[in-house]
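Contents: one structure, followed by commentary.
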Amino acid sequence: MRKKLSNCSSGGFTLIESLVVILIIGILSAIAAPSWLGFLNAQHLRTAQDQVYRAMREAQSNAKRDKVAWEASFQEQNGVVQWAVNRAGINPSPGQWQNFEQNIQIDAPNTTLASQSLGSPRRVRFDYRGCVIMNPQENLYLARVTLNIKNGGEVKRCVFVSTLLGAMRTAQDKSCKV
């Protein structure tokens with residue numbers, strides 16, 4: 001006996017089933033997206049913190065090697081924070097400046113590096129022995145650069161020069177408000 005083929009198909013998904021799956025995916029995305037963005041922001045901050053630390057170490061190392069003062073400089077240019085390592089007293093050329101990620105900013109209230117004038121770079125200077133040179137304007141022995149994300153909440157990363165001898169350390173969040 002032959003089976004009759006039917007034109008009706010019983011496979012596939014109904015509209016209700018498809019909508020339920022789309023709804024579940026939407027809910028999971030809404031939960032996961034902020035966590036993912038927070039993770040990416042934290043990674044960008046860690047990268048920027050490493051760059052600040054390396055810039056300060058490079059300035060300190062160059063000062064010891066050359067037996068003259070060097071500095072790590074930080075500035076904001078057109079909404080982008082930049083860094084450079086240069087001899088003290090010589091402004092970095094435009095080609096020496098390196099950019100941080102677009103959404104990184106210097107947290108001004110928690111950064112102790114002063115600029116000589118409005119709009120000039122913030123600097124931490126090391127003498128020929130690699131010791132930090134105290135900022136006479138603010139009488140600060142402790143140099144601190146604090147970074148955060150533009151519109152990114154309270155997440156902070158910072159680098160301290162914690163002694164006159166130039167010892168450095170990093171910290172995050174509440175530890176940056178010493």
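The values are calculated or read from the model by the stated rules, or taken from the named source; none is laboratory data. Quick caveat: nothing in here was measured; it's all calculated off a predicted structure. Note: ideal-geometry Cβ built from the backbone for every residue, glycine included; neighbour counts use all protein chains shown. When the accessible area is computed, the model is the full protein with side chains, heavy atoms only, and any ligands, DNA or RNA have been set aside. Shrake-Rupley method; radii C 1.70, N 1.55, O 1.52, S 1.80 Å.
When you restrict to C-alpha pairs under 8 Å that are six or more residues apart and normalise by the size of the chain, the relative contact order lands at 19 percent.
Residues 154, 17, sorted by accessible area with the largest first, give 154, 17 [1.4 Å probe; ligands and nucleic acids excluded].
Rolling a 1.4 Å probe over the protein heavy atoms gives the chain an accessible area of 64 Å² per residue. Computed from backbone phi with θ = phi - 60° and the Karplus coefficients 6.51, -1.76 and 1.60, the 3J(HN,Hα) list for the range 20-25 is 5, 5, 4, 5, 5, 4 Hz; x is used for glycine and proline. What a 1.4 Å probe finds exposed on the chain is 57% carbon and sulfur by accessible area, rounded to a whole percent. Heavy-atom accessible area with a 1.4 Å probe sorts 13, 126, 39, largest first, into 13, 39, 126. If each DSSP helix of 4+ residues adds -39,500 (n - 2.57) and the sum is divided by the residues in the chain, what number results at 222 nm, nearest 500 deg cm²/dmol? Computed ellipticity for the chain at 222 nm equals -11000 deg cm²/dmol. Over all other residues within a Cβ to Cβ distance under 14 Å of residue 75, the charged ones net out to 0, with Lys and Arg as +1 and Asp and Glu as -1.
Summarising the label geometry, the points placed 7 Å from Cα in the beta-carbon direction at residue 120 and residue 151 lie 3.4 nm from one another. Length gained on full extension, residue 169 to residue 96, computed as 0.36 nm times the residue gap minus the Cα-Cα distance: 23.8 nm. Computed from backbone phi with θ = phi - 60° and the Karplus coefficients 6.51, -1.76 and 1.60, the 3J(HN,Hα) list for the range 77-92 is 10, 6, x, 10, 7, 10, 9, 8, 10, 8, 5, 4, x, 10, 5, x Hz; x is used for glycine and proline.
Neighbours of residue 121 by Cβ distance under 13 Å: Lys/Arg scored +1, Asp/Glu scored -1, total +1.
For semi-axes √(5λ) of the Cα gyration tensor in Å, the value calculated from this model appears in [x] 32, 18, 13; [y] 54, 16, 14; [z] 46, 16, 11 under label [y]. As a calculated quantity, the FRET efficiency between residue 33 and residue 76 at R0 = 35 Å, using C-beta atoms, amounts to about 0.75.
Amide H contacts of residue 166: 132, each under 5 Å away and 5 or more positions distant or on a separate chain (H built 1.01 Å from N in the peptide plane; Pro and chain starts excluded).
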